[in-house]
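Structure record follows, encoded as structure tokens.
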Amino acid sequence: MADINIDKFDETFIYIDVDNEGILYELNDHFSFYVKNYKHMPKYKLGIWDGKWRAFNVVSQMMHGGLIHELIRWALDNDYSLDIDPDIHLAHKDDPGFCDVESLMESFNLPFEPYDYQIEAVETILKHRKRLVLSPTSCHTPTDTIFMSDMSIRMIKDVSVGDYVLGADGTPREVLKVHSGHDDLYEIKPNRNSDSITVTKEHILPLKYSNDNKKYSKSGTPVIDELQKRKMIKK
């Protein structure tokens, strides 16, 4: 039996099966990283977080499938034998594409012109058969402000790649890319807050309804959907 067995759990995660529990903790150490500027973040200052992001979960023994190549490199460097589920596709740089992506997207007759990064994302997905893609769908105006992870406030136009903003759940979120574009804008003014924000129609809002004591929604609501639901605009 191999030292490390890698099984496909679903389209996103892989499951790491080992007999030696010590390997699990070695994996945990290797796939743990200090978040940039972690010492300035509220949870670290309160002593409830050690400042690390962990890509491998020791309890569930799972990690994102996109890390499998690094997992294989680590195992071979440490002389561990591997048994890899044949259902897991191992991507290579010279993997051929499935088609002409630009022609494919033109055939969809989209009501908008795709950005270069959107075409690139589709091409990557088709080429490697499986990828987890985080892609922006909406924007603020350049002068809208946002909370950074250290609770400072910054204009959207001054946020750069590598910065950490404060997520809707209170955890830090790294800025991976910044984008600009054109779309319809909507001014949103909360009932109990005098400050308004201006966003595009597909911007996700974590809403709290004051009349039924509901908590913030888990995934949020696009602006356009909420306005239609409240019959403030026509579909």
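Key figures
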| read-out | value |
| --- | --- |
| Enumerated helices (runs of 4 or more DSSP H) restricted to the stretch 5-98, each holding at least 1 residues that are buried (at least 16 other Cβ atoms within 10 Å of the Cβ) and among the basic types (Lys, Arg) | none |
| Restricting the stretch 98-154 to residues that are of a type in the set (S, T, N, Q) and under 22 Å from Asp184 (Cβ atoms), the residue that is modelled with the lowest pLDDT | Thr137 |
| In the stretch 39-55, residue nearest to Leu82 (Cα to Cα) [restricted to those that are touching a residue at least 24 places away in the same chain (Cβ under 8 Å) and in contact with a Phe, Trp or Tyr (Cβ under 7 Å, 6 or more places away or on another chain)] | Ala55 |
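The values are calculated or read from the model by the stated rules, or taken from the named source; none is laboratory data. Because the structure is a prediction, the values reported are computed rather than measured. A quick note on method: Cβ atoms are made from the backbone with ideal geometry, for glycine too, and the neighbour counts reach across all protein chains shown.
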